[in-house]
Amino acid sequence: MAIRSKGDIKTASYYYLLWYIVFSLGAVGIGLAARVLLPELVSTDTELALPLLALDLLPQLFVGGILAGIFSATISTADSQIIACSSAITQDLVPNYKQSFAASKIFTLFTMGCAVCIALFASNSVYYLVVLGWSACAVVLGPLVICRCFDLKLTECTGITMILVGIATVIVWTLVVDLSSAVNETLPGWIAVLTIYLVSKIKKGTRHG
């Protein structure tokens with residue numbers, strides 16, 4: 001949104017791809033180095049690999065820079081997601097309040113409260129939470145995007161039901177029956193969502209028949 005012109009998009013994509021490759025290789029390299037230099041992390045908290053490697057290998061000045069980078073990236077991502085989520089509520093779910101400054105702040109505080117509760121009571125593993133979040137997104141958005149791409153008609157009720165059933169399936173499969181280690185929660189979520197879609201089409205066909 002901040003790019004100067006459409007002509008710069010192609011150049012920006014090249015820069016992004018190059019930086020993403022460097023970043024990904026660096027992340028993999030840190031993981032491999034930690035497996036060799038800090039083998040005890042495998043049985044404890046593997047997400048401490050970067051700061052512990054920095055403490056062991058780098059001068060204190062560079063350690064401070066790395067820790068500052070980690071915390072700044074975390075805070076930057078967190079506040080952006082909180083604003084995005086609260087904006088989605090006011091713009092999409094309750095559009096009657098999208099012009100209200102007070103309502104936007106209230107929903108922002110509500111979203112922040114939910115994020116704090118997740119941080120306090122959910123798993124300590126950021127990786128676990130990220131995988132769970134992406135699985136929920138894949139189950140909720142994936143089928144709807146495919147239906148949109150292939151111009152498959154959905155009623156509003158069917159779409160909302162697919163979203164709610166998908167989220168519920170991911171939560172139950174992961175947190176209640178605890179089977180995500182055997183089968184990723186995305187598969188049962190997709191099966192549940194597609195079942196809702198097929199049932200809606202069968203009912204529609206029966207009604208017309």
**Study point:** Cα-based Lys proximity count in segment 51-209, under 30 Å, for pairs eight or more positions apart or on separate chains
**Key:** 4
Review point. Expressed in nm to one decimal, what extension gain is obtained for the pair TRP190 and TRP19 from 0.36 nm per residue of sequence separation less their Cα-Cα distance?
Key: 58.3 nm
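Could you work out how much longer the chain between LEU198 and ILE160 gets when fully extended? Use 0.36 nm per residue separation minus the Cα distance between them, nm to one decimal. Provide the component values of the computation, followed by the final result.
On the way: separation 38, 0.36 × 38 = 13.68 nm, distance 1.46 nm.
Length gained, LEU198 through ILE160: 12.2 nm.
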Exercise for review: Report the paramagnetic label zone for LEU175: residues of segment 126-141 whose backbone N is under 15 Å from a point 7 Å from Cα along the Cα-to-Cβ axis.
Suggested key: 128-137
**Study point:** Inter-label distance for SER43 and THR74, nm, one decimal - labels placed 7 Å from Cα along Cα-to-Cβ
**Key:** 2.6
Exercise for review: Take each of the peptides 176-182, 190-196, average the number of other beta-carbon atoms within 10 Å over its residues, and list them starting from the highest.
Suggested key: 190-196, 176-182
Review point. What value, in deg cm²/dmol to 500, does the helix sum -39500 (n - 2.57) over DSSP H runs of n ≥ 4 give at 222 nm once divided by the residues of the chain?
Key: -25500 deg cm²/dmol
**Study point:** For LEU38, net neighbour charge (Lys/Arg +1, Asp/Glu -1) across residues whose Cβ lies under 11 Å away
**Key:** -2
Exercise for review: Report the calculated FRET efficiency for VAL130 and TYR97 (r = Cβ-Cβ distance, R0 = 25 Å), to the nearest 0.05.
Suggested key: 0.25
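None of the figures in this text is laboratory data; all of them are computed from the coordinates on show. Remember, it's a predicted structure, so these values are computed and weren't measured experimentally. Glycine gets a Cβ as well: all are built from the backbone with ideal geometry, and neighbour counts include every protein chain shown.
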